[in-house]
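Colleague: This is the structure I have questions about; it appears just below.
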Amino acid sequence: MSIKSVAPHRGSDRRHGAWNARGAAFMVLAMLGFAVEDTFLKLAAQSLPIGQVLMSFGAVGLAAFSAMAIAAGERPVSRAVLSRVVLVRSLFEVTGRLFFMLAIALTPLSTASAILQSTPLVVIAGAAAFFNESVGVRRWLAVLVGLGGVLLILRPGADGFSLLSVFAVIATLGFAGRDLATRAAPPSLSQNQLGVLGFASLVFAGLVALPFGAAPELPDAGAALSLGVASCAGIVAYGALTTAMRTGEISAVTPFRYTRLVFAILTGVIVFNERPDLLTLVGSTIVVMAGIIALTRARRSVS
């Protein structure tokens, strides 16, 4: 009798493990895609105005997700986008997208990506503040330690401090606000419709940035190629991210988001000849470890 009762449990554990491994693989693929997207957007911004880069990238993604929504029998734009929660989400999305584009264009890719990794920690703090979620002492400590890692990367008041790095901080707050607002968004919105909304926000962010930069110009072959690769990578990454979140347990899959930093540092070193200093590497490690600990504690509290 004991053998019969144990065997299904083991089979169930194997199935959960397989689904989690598949979800983790898709999450790593998504983070690789986002890192490639960031790299080629930064390359495009070297010869094109930032507003034009955002608008071009957003237009391609908007067309792609609109086509996918129509193919799935959905309206690309739902009436739910007019709800207050979705409008707030869109405002945060525009903020995050605009300032992260400024960050990767004007600061080292590795630094901007390292600061962005603190987004889950900000989400945890925001969930406690706005959704009354229970956050234990250890998770709060992880949040505080992680934010301390961000300060190591920024080094305010020190010789290595760059005011432009604040763009990445503002982007982090924007993306955290978007993620929190997504929790309260109407469940009737599909992933394709959220994709349409996200890339439409990119177009709007580009319109906001356009008056503050140089006049738009016809991209040369290199810039056009960079925009094309960034657009394809972004679409693949978004699809892989959606698959990852739907395949494995969120608490098991989410920590693999931090592989984005590894890819960002590698591309920063190889493509842009960046050399992150010791404090940046230490701060990045602290942010990643704090995030993993916070997410692991959340998984244990749920189970």
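Colleague: Considering the range 35-76 alone, what residues qualify as being more than 18 Å from Val203 (Cα to Cα) and not hydroxyl-bearing (Ser, Thr, Tyr)?
Modeller: Ala35, Val36, Leu43, Gln46, Met68, Ala69, Ile70, Ala71, Ala72, Gly73, Glu74, Arg75, listed by residue number.
Colleague: Among Ala181, Ala125, which is the only one that is assigned to a helix (DSSP H, G or I) and over 22 Å from Val86 (Cβ atoms)?
Modeller: Ala125
Colleague: Among the candidates Asp179, Asp220, which residue alone is touching a helix residue (DSSP H, G or I) at 6+ places or on another chain (Cβ under 9 Å), surrounded by fewer than 21 Cβ atoms within 10 Å (Cβ to Cβ) and acidic (Asp, Glu)?
Modeller: Within the list Asp179, Asp220, the selection yields Asp179.
Colleague: Quick one: is Gly73 modelled with pLDDT of 90 or more, under 26 Å from Ala184 (Cα atoms) and not in a helix (DSSP H, G or I)? Walk me through it before giving the result.
Modeller: Working: modelled with pLDDT of 90 or more: yes; under 26 Å from Ala184 (Cα atoms): yes; not in a helix (DSSP H, G or I): yes.
In short, yes.
Colleague: Which residue is modelled with the highest pLDDT, if the candidates are limited to the range 51-70 and must be crowded, with 17+ Cβ neighbours inside 10 Å and of a type in the set (Val, Ile, Thr)? Before the answer, list the steps.
Modeller: Step one: filter the range 51-70 for residues crowded, with 17+ Cβ neighbours inside 10 Å, giving 51-62, 64-66, 68-69.
Then drop every residue that is not of a type in the set (Val, Ile, Thr), which leaves 53, 60.
Numbers: Val53: 94, Val60: 91.
Filtering the range 51-70 for residues that are crowded, with 17+ Cβ neighbours inside 10 Å and of a type in the set (Val, Ile, Thr), the one modelled with the highest pLDDT comes out as Val53.
Colleague: Then there is this: Report yes if Arg257 is of a type in the set (D, E, K, R), more than 16 Å from Ile50 (Cα to Cα) and without any contact (Cβ under 8 Å) to a residue 12 or more places away in the chain, otherwise no.
Modeller: No, not satisfied.
Colleague: Is there a residue being out of contact with any strand residue (DSSP E or B) (no Cβ under 8 Å at 6 or more places or on another chain), of a type in the set (S, T, N, Q) and in contact (Cβ under 8 Å) with a residue 60 or more places away in the chain anywhere in the range 159-169?
Modeller: yes
Colleague: Filter the range 192-234 for residues that are in contact with a Gly (Cβ under 6 Å, 6 or more places away or on another chain) and of a type in the set (A, V, I, L, M, F, W, C); which is farthest from Thr259 (Cα to Cα)?
Modeller: Checked the range 192-234; the qualifying residue farthest from Thr259 (Cα to Cα) is Leu210.
Colleague: Further question on the same structure: So Leu197 fits all but one of (1) among the aliphatic types (A, V, I, L, M); (2) under 28 Å from Asn132 (Cα atoms); (3) at pLDDT 90 or above; (4) buried (at least 19 other Cβ atoms within 10 Å of the Cβ); what number is the exception?
Modeller: (3)
Colleague: Kindly indicate which of Ile235, Ile270, Ile286 is of a type outside the set (Phe, Trp, Tyr), surrounded by 18 or more Cβ atoms within 10 Å (Cβ to Cβ) and closer than 29 Å to Leu154 by Cβ.
Modeller: Only one candidate passes the filter, namely Ile286.
Colleague: Output the residues belonging to the range 205-264 that are over 16 Å from the mean Cα position of the chain (by Cα), of a type in the set (Gly, Ala, Ser), closer than 21 Å to Phe100 by Cα and part of a helix (DSSP H, G or I).
Modeller: Result: Ala205, Gly206, Ala209, Ala223, Ala224, Ser226, Gly228.
The values are calculated or read from the model by the stated rules, or taken from the named source; none is laboratory data. Quick caveat, the model's predicted, so the values are computed rather than measured. Note: ideal-geometry Cβ built from the backbone for every residue, glycine included; neighbour counts use all protein chains shown.
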